[in-house]
Amino acid sequence: MKIGLYDSGIGGLSVLQEAYHLLPDEEYIFYADTDHVPYGLKTSEEILQYAGESVGFLIEKGVDAVVIACNTATSVAVKPLRERFELPIISMEPAVKPAVEYLDAASEESEDKRVLVIATPVTLREEKLRRLIERVDVRHRVDLLPMPRLVEFAEKEQFGSEETKAYLKERFAGLNTEKYGALVLGCTHFNYFKDMYKSFFPENTRIFDGNEGTIRQLARRLSLSPVNNDGDMMEHIEADDIVKRTEYYTSGRRVDNPEVLEHFRRLHVRLEDMRCLR
Ligand code: DGL
C-alpha cells in the first residue's frame, strides 16, 4: 500500500523510520511542511490551513492512508481533516497512557514517581491532550512542560550542541527531575534528543514516544501485519535504504537535491541510534 506521512518538518522522519521497521513492505511518501515549520508557535487557524494543504497534496499523490506524524497538527487539525477526507487518517497521541501504566506495573518505589510530558506550546494548550490526561491520569501524576525552541534546534541539526544543552538545562531547572519515572515525548521532533534527556533524569527514568503506537494503529486500520511483533529493538535498518525507497517532498516540492537527501540520510542515522533508547 502507499502511505503518506506528514509533519511540519523533520520530526516525522522518526515515525517514517518506525514504519520501515514494522511495515517494511509498504511504499512511503514523506511530506515535510518546511515553509511553515515550526507549527508549535503558530495560531490554530494557520496550522489548520497548512495541515489541509499538506494532507490534500498527499491524497492527490494517490496514497491509501495518511499518517499525521506531528502531535501539534494532530491536536489542532485531525478532527476537521477526518471530516473532510474519506481515507484513513492516523495521528499521533503522546504516550501518556503507556507511561502511567508503566509506573503502575513497575516496582512499588516507582508507583510514587511522576510522568513528565514535554511538547510544543500548542499541543499542551489544546483540548485533546487535556482530555487524554483526564482519562488516564487517575492519580494526578502527570506534569506538563512546554519546549518552545526544541523544534528549532532539531531543524538546525543541533542535537548535541552547547546551545541545546543550555536550553534543556534551563527548561528542566525548575523541576526536581529525580521524581520522574517516565518522560513522554509529545512532539516527534523531540526524538532526536533522547541521549541528551538521559543526562538530566535518573538512569531508570523511561522515555516514551508515540511512534510505535501510531504505526501499529496504521497497521490495524489497513489490516497489515507488523513484522516485528515482539518489539525487538535491536533490529537495524540502513539509512541509505530508507532514503532510496522514500519519495520526499518539502511543502509540495519533490526533493531530488543530493544535499537535501544526504541531510535526510544523516537524520535517519541519528534516529536509528536514538530509537533503542528507552
Ligand atoms: N513534529 C511536530 C510535533 O510533533 C513539531 C511541531 C512544530 O513544528 O512546532 O509536534
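The values are calculated or read from the model by the stated rules, or taken from the named source; none is laboratory data. Computed from a predicted structure; not experimentally measured. Heads up, the Cβs are rebuilt from the backbone with ideal geometry, glycines too, and the neighbour counts pull from every protein chain shown. Side chains are part of the model used for accessible areas, which takes the heavy atoms of the whole protein and leaves out ligands, DNA and RNA. Shrake-Rupley method; radii C 1.70, N 1.55, O 1.52, S 1.80 Å.
Figure note: Asp7, Asp241 ranked by solvent-accessible area, largest first, 1.4 Å probe, ligands and nucleic acids not counted: Asp241, Asp7.
Name the shape class, rounded, prolate or oblate, that the alpha-carbon gyration tensor gives for the chain, where a ≥ b ≥ c are the square roots of its eigenvalues, rounded holds for a/c under 1.5, and otherwise prolate holds if a/b is larger than b/c and oblate otherwise. Because its axes are fairly even, with a/c under 1.5, the chain counts as rounded. Per-residue SASA remark: Arg131, around 130 Å² accessible (1.4 Å probe; ligands, DNA and RNA not included).
Note on exposure: Glu126, Glu162 ranked by accessible area (1.4 Å probe, complete protein assembly) read Glu162, Glu126, with the most exposed listed first.
Cα gyration tensor of the range 117-243, axes a ≥ b ≥ c as square roots of the eigenvalues: rounded (a/c below 1.5), prolate (a/b > b/c) or oblate? Because a/c hits 1.5 or more and a/b fails to exceed b/c, the range 117-243 counts as oblate.
Just to make sure I understand: if all protein chains stay in place, what is the order of Lys244, Lys113, Lys165 by accessible area at 1.4 Å, largest first?
Putting Lys244, Lys113, Lys165 in descending order of accessible area: Lys244, Lys165, Lys113.
Each residue of the range 257-269 was assigned a 3J(HN,Hα) from its phi angle through the Karplus expression (A = 6.51, B = -1.76, C = 1.60, θ = phi - 60°), giving 5, x, 5, 5, 5, 5, 4, 4, 4, 4, 5, 5, 4 Hz with x at Gly and Pro.
Taking all protein chains as they are arranged and a probe of 1.4 Å, the heavy atoms of Ile215 leave approximately 0 Å² accessible to solvent. Relative contact order of the chain: 26 percent, from C-alpha pairs under 8 Å at least 6 residues apart in sequence. In this structure the amide hydrogen of Tyr180, modeled in the peptide plane, comes within under 5 Å of the amide hydrogens of Arg114, none closer than 5 places in sequence on its chain.
Taking amide H as placed 1.01 Å from N in the peptide plane, Leu144 has its amide H under 5 Å from the amide H of Val117, each at least 5 places away in sequence or on another chain. Computed with every protein chain present, the accessible area of Ser225 is close to 100 Å² [probe 1.4 Å]. In order along the range 67-73, the Karplus-derived 3J(HN,Hα) couplings, from 6.51 cos²θ - 1.76 cosθ + 1.60 at θ = phi - 60°, round to 10, 7, 8, 8, 5, 5, 5 Hz, and Gly and Pro are given as x. At 1.4 Å probe size, with the rest of the protein present, what percent of the exposed accessible area of the chain is carbon and sulfur atoms? Reported share for carbon and sulfur atoms: 47 percent.
Scanning residues 5 or more positions from Cys70 or on other chains, those with amide H under 5 Å from its amide H are Met92, with H placed 1.01 Å from N in the peptide plane.
Dipole size of the range 75-147 about its Cα centre, with +1 on Lys/Arg Cβ and -1 on Asp/Glu Cβ: approximately 400 debye, rounded to the nearest 20. 3J(HN,Hα) along the range 137-143: 8, 5, 9, 6, 10, 9, 10 Hz, from the Karplus curve 6.51 cos²θ - 1.76 cosθ + 1.60 with θ = phi - 60°, whole Hz, x for Gly and Pro. Cross-linked pairs Lys128/Lys169; Lys128/Lys156; Lys113/Lys198; Lys2/Lys128; Lys79/Lys194: Cα-Cα separations exceed 23 Å for Lys128/Lys169; Lys128/Lys156; Lys2/Lys128; Lys79/Lys194. Normalised per residue, the accessible area of the chain is 45 Å², obtained with a 1.4 Å probe and no contribution from ligands, DNA or RNA.
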